[in-house]
Amino acid sequence: MTPIDLPLNGALSTGGPFSGLTDSEMLQVLTRNVGATVAVVSSALRIVYVNDEYARWFRAAPEDLVGKTLIELYGEHNYSRFLHYVQRVLAGERVSYQRPVLDPEGRESWRTICLSPWRDARGSILGFITAALDVDELQVAMNALRTANQRLSSHMDNSPLAVLEMDDELRVLRCSRRAIELMGWQDLAQVESRCLHELPGTSDMDQHLSQAFSDLRSGRTTRNRVESCLHRADGSEVHCEWFSSALTDEGGRVTSIMSLVQDISAKIEIARQHYYLANHDSLTGLQNRSAFQRRFEHSLSRVRSRGGAVALLFIDLDGFKKINDGHGHKVGDEVLRCVAQRLAGAVRGSDTVARLGGDEFLVMLDTDVEADLVGHIGARIISALAEPMQVDDLALRVGASIGVAMHPPLEGDLELLMAQADQAMYAAKRTGRSCMRYAGQA
């Protein structure tokens, strides 16, 4: 094979073992020893030069390939597969692509192929130069990585937890479909590359969630768990539990943050219901005895330390037993519900109303409490409960006997005040019912 006169990029070394090599001799070195396949193709698509490695792939001598057309060398089918790349390089574009090919042993392997325009001194295109390197191991690794990423993405999208990956500025890098659904976002395009605090639902994140992310970004912790309440764009509320972790580089700088988010709204609602049932009377919705006693003890403690007064009104219904025995428990229950509503309407918003059990109720006044106020509210309660109650087709009446215990002047002890209010209530019943008596009165 006679090497063609092609200009070499860069100058040859003039010292050491390469001293005295001509361009032609250097070309021969490259022809025999370079690991890439190299060929020069004219604009007529004929081979004008190939190196030894290129010829080896065709199991031929280099001189046997020179002069052949690409169609003769590759066949029409294979030629059609890379024709559009040839057209681009002949138009002056440098082209690079990858494709699988059969090596000289018949094994399929991946090659990176680079096509560069071959120009004369005036810049006119005479053809192109093609060079290819074996990148099979790299391609296999990339395919394995791509498969792993696809599996990870599949796991993310199929996870019952919402998955969010963010950079150190909390810009969303990727998220699962469950995250979009949970946060009430429209689609991935709405959230990608945007900061979490700019997005609907997370723009008003509470202090606990903000502090958790701040701790991760600053390096104070590498992982944490926090519960938060978010408000979606449609106004709905969702309670979430966030499991977040930070990834750092070799220098300790945070590079990304991963959050797994669980919807715990159902759990929170159940907890609320349990709390409500534990603290409220199931029939009337008023506070129950235990909740009332905790509230009463707290108010007593405040009065002892800061001054003021607290009044306890112990209320027993007059005539309820006759209604309950005569018309049945269903009617009796409706009367108790009506009594609860009227008691709530007769007191101030800051006052506390509870059902002790049966037809006994408690009212606590612990704000701006004076004797005249207690008398006024007691009279309102008696008047409100004296009004007829319509239950089904029945017009029913009950009364209220009220016993009052106040601290001061009485000792600020919960059990003592309740006992004295109870005694005062029985004194009111003995007096004639539908009236109010104060503990300590004769």
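The values are calculated or read from the model by the stated rules, or taken from the named source; none is laboratory data. Keep in mind that what you see is a predicted model, and the values were worked out from it rather than measured. We place every Cβ from the backbone using ideal geometry, glycine too, and count neighbours over all the protein chains shown. Note: areas computed on protein heavy atoms with side chains; ligands, DNA, RNA excluded. Shrake-Rupley method; radii C 1.70, N 1.55, O 1.52, S 1.80 Å.
Structure values in brief
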| quantity | calculated |
| --- | --- |
| Total residues in the range 184-229, condition within 16 Å of residue 254 (Cα to Cα), of a type in the set (A, V, I, L, M) and not in a helix (DSSP H, G or I) | 0 |
| Residue count, the range 279-307 (criterion: farther than 13 Å from residue 414 by Cβ, open to solvent by 30 Å² or more (accessible area, probe 1.4 Å) and touching a Ser or Thr at 6+ places or on another chain (Cβ under 8 Å)) | 1 |
| Candidate set from the range 180-199 (those that are open to solvent by 40 Å² or more (accessible area, probe 1.4 Å) and within 13 Å of the chain's Cα centre (by Cα)); member that is nearest to residue 163 (Cα to Cα) | 181 |
| Residue that is under 38 Å from the mean Cα position of the chain (by Cα) and open to solvent by less than 80 Å² (accessible area, probe 1.4 Å), where the choices are 232, 253 | 232 |
| Helices (runs of 4 or more DSSP H) wholly inside the range 58-168 that include at least 3 residues being surrounded by 15 or more Cβ atoms within 10 Å (Cβ to Cβ) and at pLDDT 90 or above | 70-90 |
| The lone exception for residue 202 - which of (1) free of Cβ contacts under 8 Å to residues at least 24 places away in the same chain; (2) farther than 12 Å from residue 259 by Cα; (3) open to solvent by less than 20 Å² (accessible area, probe 1.4 Å) it fails | (1) |
| Subset of the range 336-392 [polar (S, T, N, Q) and touching a Lys or Arg at 6+ places or on another chain (Cβ under 6 Å)] | 352 |
